[in-house]
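Here the structure comes first, spelled out in structure tokens, and everything after it is commentary.
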Amino acid sequence: MSAAQQPGTTPASAAEPTEPSRWHNVFREITTGNAIISVLAVVLALLVGAVMIAFTSQTVQETAGYFFSRPGDMLSAVWDAVSGAYSALFQGSVYNFRRPGFADGIKPFTQTLGYATPLIAAGLGVALGFRVGLFNIGGRGQMLIAATLGGWVAFALELPAGIHMIAALVAGVLGGALWGGLVGLLKARTGAHEVITTIMLNYVAFYLVSYLLRDGFLKTPGSNNPKSPASKETAVFFDLLGPNYGLHFGFILVIAATVFTWWLLSRSNLGFKFRAVGENPNAARVAGISVQRMYVYAMLLSGGLVGLAGINQVLGTTTSGFGAGIDSGIGFDAITVALLGRSKPWGVFAAGILFGAFKAGSFSMQAAEGVPIDIVLVVQSLIVLFIAAPPLVRAIFRLPAPGAPRRRPVPNVTQEVTAK
Amino acid sequence: MSTIAPVNQPTQPVEPDDGPATTVIKSWKVPVVLGVFTVLGILLLIVFGRSGTSTMALSTSSDLIQLPDVLLPTRETGVVISILLAALTAVSAWMVQTRRKVPVWLIALFGVLLLIGFLVWASADARIPVPGLLFGSLSLAVPLIFGALGGVISERVGVVNVAIEGQLLAGAFTSAVVASVTQQPLLGLLAAMIAGMLVSFVLAAFSIKYFVDQVIVGVVLNVLVTGLTGFLFSQVLAPNAALLNQPPKFERINIPLLSEIPIIGPVFFRQTLIVYIMYIAVAAVYVGIFHTKWGLRLRSVGEHPQAADTVGINVTGTRFWNVSLAGAVAGLGGAYFTLGSVGAFGKEMTAGAGFIALAAVIFGRWDPIRATLAALLFGFASNLQNVLSIIGSPVPSEFMLMLPYLVTIFAVAGLVGQSRGPAASGKPYRKS
């Protein structure tokens, strides 16, 4: 929709003659800012998704056979397919208009926040790594170890409510931090590349947890299922809005984690060193920062944040016992979340909620319209890709570049420029 | 290339000696790592040694020249190998003490001995079909090798290629569809190359033209291709599987004479066309990168684009086309999944092979031959578990599965150490 509006508006504003008015400046700021790029990137990605949905829809293909005799049929089929899918996506993730009353209608949004919780936590961890120049692909392993340790505390120990939860939480975060810190230590001491070690530790953690579930201390007594016992009630995150909503204490923790990461990166001494190392390790070393130590600290913290996502899975999402797939790909999704959030804590927070919405909505989209969940992956990745390349988005929507000299408001000048 | 001033990761003073100007840095890393493995070996082979006889079958039933099975007394072999391991460790320690460089062959020999020791230990009173073990390893390694070659080319020219997974998956998907529709596996192969290239085009366009961080584009492309192929698989391929997802597989071609060499023949020369292409590709990439004008330009662009630009090399163009080439090579690896080994396309069928290939690139220090060897190691390790699970392994299978990854961590930490890629890899070049 705004695809059609944007090109039209540019010449309209340019047509205002002689007055370099306030409105003009405001307009320029809007069209050249980052916010508009983000919005347009989402629009563009959704458009591509729409094309994919339309092309693969059964009714569209049937009506395309007689397109030239009755084009209306195909167009309405396209509209039905696309609008059906996207309204299902919206109603599954934000607000369901079919349910009576606000309290029921808003339920999907709380589910969105529920899905967003681990994504934000793990995304923060990955983003922290990025800021120090480390590429943490080890989210899977860190989450698994966190779930193992935290999960074990949650189902094996007998502690009073509250304390039990905190103990499990601490155990989980520590587990993730250790698994991540190991990578930092290896890099600092031996120079082992973190991409290799994190990938390898993912597999190590996976097989370790598989073994523990089958034959170790995570095994449910008297069951052959590779699944742990259920977390005890005293350890489980309490619901924030009652049992009908998919929102639990984990979300509060994640907000706290976001604030903490923001404070760490932009207000603390350690964060300054982190960023210095991330910008230029050589300069940081010359400035007297121990780069090796920063790598260890950064991976500890990064792993700890990812561990928070892991413990969230055990105490919040799947409290009935977990298998070796408890990470459910969040460790990898977190990389995309961190990229979309541009490695800034609040950016990651917003990106996590957006991705959570896609995740929540995709299930209802598949159930209602038969559109495979994978379309969400396409849309998500396109969003990140477009946001990462503002010049491309500007070129598509013919927006002015931020530093470009203002064009003289002569009519038709835009056509000439683009015709070249 | 290592003579260039350290840009990415400055060489870390391992043990500053007060020797003359041409100091050989005394690094005890290698002896220490070998020592650790020796202790582990002694623990396994002697302390937890098993008695019995290990049988190594060296020939398959279809071989012309039949070698007899090798029978090894398990415990005694373990003792002999432990002694050899200890001796090698001592030699390496002596070499470091006398400021000599520990040669690579010594480390390789150590690894092979350790491996044989482990195989003998695991196969007490059982029979290991050695050709089958090696054949399976090579099969599992083929896509990794193609992916690693793609990674090496791309990174050598200065573009970090995290999108290997996406290139493999795109190649697998496209080759399955094209080969099914046309019933021509060769066309499928071609289509896989084009698909890999298309993924590379996006990588190149975004990283070279729009200066987007290359790691970001790579990661995102993996997700994009996963989503795209998954979506098309559920929406288009699954309903029309008979028409679109039944690719004809390549036939195995036995190379006359060569295929009859004991052990080597059945492993290397009774393969499909893709594997033979792989042999050529490895050789071609190695020779190309280190012994041709093309390779020199490629490396100069990856190491120092400003200098390359100054002498008149088109940095952007070189990067663009070589990244595309890298995608085509990786796409071939994807085709191996559908036209060589598995058959029909399945969702996310590459299952992280691209990331293992990436690890092989770094493990192999951006060298095509070493990266190929690393990929073979990964392939061997995954296949070892398959074989041992058939003969009944004495350790839980999960630990067997874990082993290759643990060994890699040890190897990377202890032996490879601080690996430094092409200096300008990952940095966009802005002509000023």
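No value in this document is a laboratory result; all are computed from the given coordinates. These figures come from a predicted structure and were not determined experimentally. We place every Cβ from the backbone using ideal geometry, glycine too, and count neighbours over all the protein chains shown.
Points worth noting:
- Euclidean distance between Cα centres, region B:192-235 to region B:69-116, Å: 45
- Between region A:305-331 and region A:100-146, the Cα center-to-center distance that results, in Å: 11
- In units of the rule-of-thumb radius 2.2 N^0.38 Å, the protein assembly as shown shows an alpha carbon radius of gyration of 1.00.
- Share of Cα-Cα pairs in chain B lying beyond 43 Å, as whole percent: 18
- Cα-centre dipole for region B:131-377 with unit charges at Cβ (Lys and Arg positive, Asp and Glu negative), debye to 20: 220
- Annotation: extensible slack from B:PHE290 through B:LEU187 equals 34.0 nm (criterion: 0.36 nm per residue apart, minus Cα-Cα distance).
- Bridges between two residues of chain B, per DSSP, are antiparallel at a rate of about 65%.
- Alpha-carbon centroid distance for the pair region B:248-298 / region A:185-242, whole angstrom: 41
- Using alpha carbons only: equivalent-ellipsoid semi-axes of region A:118-364, gyration tensor based, whole Å: 30, 20, 16
- Percentage of interatomic Cα-Cα distances in region B:312-432 larger than 18 Å: 65
- FRET efficiency for B:GLU251 and A:HIS24, using Cβ-Cβ distance with R0 set to 56 Å, rounded to 0.05: 0.20
- Max mean-square fluctuation residue, GNM over chain B, Cα-Cα springs under 10 Å, options B:GLY230, B:GLY340, B:GLY327: B:GLY230
- Dipole orientation for region B:91-193: of the candidates B:THR182, B:GLY158, B:LEU133, B:GLY158 has the Cα lying most toward the positive pole (charges on Cβ; Lys, Arg +1; Asp, Glu -1).
- Residue-averaged 222 nm ellipticity for the protein assembly as shown, from DSSP H runs of 4+ at -39500 (n - 2.57), nearest 500: -21500 deg cm²/dmol
- Among B:THR77, B:THR350, B:THR310: highest mean-square fluctuation, GNM of chain B, C-alpha pairs under 10 Å: B:THR310
- Lys/Arg +1, Asp/Glu -1 at C-beta; the protein assembly as shown dipole; positive extreme among A:PRO108, A:VAL348, B:PHE233: A:VAL348
- Charge tally in the Cβ shell below 13 Å around B:SER54, where Lys, Arg are +1 and Asp, Glu are -1, B:SER54 excluded: 0
- Within chain B, helices built from complete DSSP H runs that reach 24 Å or longer along their own axis (Cα positions) and carry a mean Kyte-Doolittle hydropathy of 0.0 or higher are B:74-97, B:104-122, B:130-156, B:164-182, B:185-204, B:214-232, B:273-291, B:315-335, B:368-391.
- Among B:THR292, A:THR197, sorting on how many other beta-carbon atoms sit within 10 Å of each Cβ, with the fewest leading, yields B:THR292, A:THR197.
- Prolate/oblate/rounded label for region A:183-236 (Cα gyration tensor, a/c 1.5): prolate
- Ignoring lysines fewer than eight residues from A:LYS107 along the same chain, the ones with Cα atoms less than 20 angstrom from its Cα are A:LYS359.
- Ascending count of other beta-carbon atoms within 10 Å, so fewest first, for A:TRP262, A:TRP179, B:TRP94: B:TRP94, A:TRP262, A:TRP179
- Cross-link reach list, lysines versus A:LYS232, counting only Cα pairs under 20 Å and skipping chain neighbours closer than eight places: A:LYS219
- GNM top mover of B:SER397, B:SER62, B:SER259 - chain B, alpha-carbon springs below 10 Å: B:SER62
- Charged neighbours of A:ASP333, selected by a Cβ distance under 11 Å, balance to +1 (K, R count +1; D, E count -1).
- Size of charge dipole - the protein assembly as shown - debye, nearest 20, with Cβ of Lys, Arg +1 and Asp, Glu -1, no other charges: 1920
- Taking the C-alpha atoms of region B:131-377, convex hull volume expressed per residue in Å³: 114
- Helix screen, chain A: DSSP H segments with Cα axial length of 27 Å or more and mean Kyte-Doolittle hydropathy at least -1.0 are A:34-56, A:71-93, A:107-131, A:163-190, A:194-215, A:291-312, A:345-369.
- Projected over every direction and averaged, the convex hull enclosing the alpha-carbon atoms of region A:135-274 yields 10.6 nm².
- Dipole magnitude (debye, nearest 20) for region A:118-364, charges at Cβ of Lys, Arg, Asp, Glu: 660
- Per residue of A:383-393, other chain Cβ atoms within 10 Å of the residue Cβ number 5 on average.
- Measuring spread by the Cα atoms of chain A yields a radius of gyration and Dmax of 24.8, 83 Å.
- Cα point-scatterer Debye curve for region B:142-274, base-10 log of I(q)/I(0) at q = 0.09 Å⁻¹: -0.34
- Within the shell defined by Cβ-Cβ distances under 12 Å, the residues around B:SER82 carry a net charge of 0, with Lys and Arg each +1 and Asp and Glu each -1.
- Exposure proxy shown here: for A:GLU158, B:GLU165, B:GLU348, the number of other Cβ atoms within 10 Å sets the order, fewest to most, as A:GLU158, B:GLU348, B:GLU165.
- Dividing the radius of gyration of the alpha carbons in region B:29-124 by their Kirkwood radius gives 1.09 for Rg/Rh.
- Shown here: region A:211-277, whose C-alpha atoms stretch 53, 35, 17 Å along the first, second and third principal axes, sorted largest to smallest.
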